[in-house]
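Structure record follows, encoded as structure tokens.
The values are calculated or read from the model by the stated rules, or taken from the named source; none is laboratory data. The shown structure was predicted, so the numbers you read here are calculated from the model rather than taken from an experiment. Methodologically, a virtual Cβ is constructed for each residue, glycine included, from the backbone with ideal geometry; neighbour enumeration extends over all protein chains shown. Each accessible area value is taken on the protein alone, full model and side chains, heavy atoms only, with ligands, DNA and RNA left out. Shrake-Rupley method; radii C 1.70, N 1.55, O 1.52, S 1.80 Å.
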Amino acid sequence: LCAGWNPASKFISAPNASTFAYLRKEVPAPAGVVSALAFVSAPLETPLLAQYKLYIDGALIDVGPGRGEAPVWGGDGRFRSLPYATLDVTASFAAAGTRLVAIEAMHTKGASVMLQLQLRLADGSVTTEVTDETWLAFDADAHRKPGKPQHGGSAGTGFIEYIDARAEPVGW
């Protein structure tokens, strides 16, 4: 990961989630935000097309890292298997208030994700929010029901989702 990652930022998941995890936190947005950057990382897995979906106040912000963008070289000849995305989310934090930041993490060997959100204020100060144990977590396997394909597979799938609407986390 990049050298600027806050050491308090941790990879988070939902207890017992083997493939899907829903994670969320209400984040205060102070007045005077002039820029907001989100840095997101998730362990790469080849069969999947993406490892996370990031939402702010219900709006889809990003899906990533994708297979075509993920394996990167850091300039020193070493392969990086934990790519991160840098996202400009300033528009989502333009007004003061509380924002609901939500992430859907996906991985067949344990869904996890790391996020660092930096809010730069008009007075030059920076507020940083990170993924840690204060985030709410839901084992989304109960809803998504990942399993082996019953009638063959398709390109890029390591599993099939057998969605069970009865287990949908309403209001999540």
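Remarks
- Just one residue in the set A122, A102, A91 is at pLDDT 75 or above and open to solvent by less than 50 Å² (accessible area, probe 1.4 Å); that residue is A102.
- The residues in the stretch 19-63 that are open to solvent by 60 Å² or more (accessible area, probe 1.4 Å) and over 29 Å from A95 (Cα atoms) can be counted, and the count is 2.
- Evaluation of Y84 against the conditions (1) within 18 Å of L23 (Cβ to Cβ); (2) at pLDDT below 80; (3) open to solvent by 60 Å² or more (accessible area, probe 1.4 Å); (4) in contact with an Asp or Glu (Cβ under 9 Å, 6 or more places away or on another chain) shows that the sole unmet condition is (4).
- Where strands (runs of 3 or more DSSP E) fall wholly inside the stretch 1-81, the ranges with 3 or more residues that are more than 27 Å from K145 (Cα to Cα) and either at pLDDT 85 or above or in contact with a helix residue (DSSP H, G or I) (Cβ under 7 Å, 6 or more places away or on another chain) (or both) are 20-29, 33-41.
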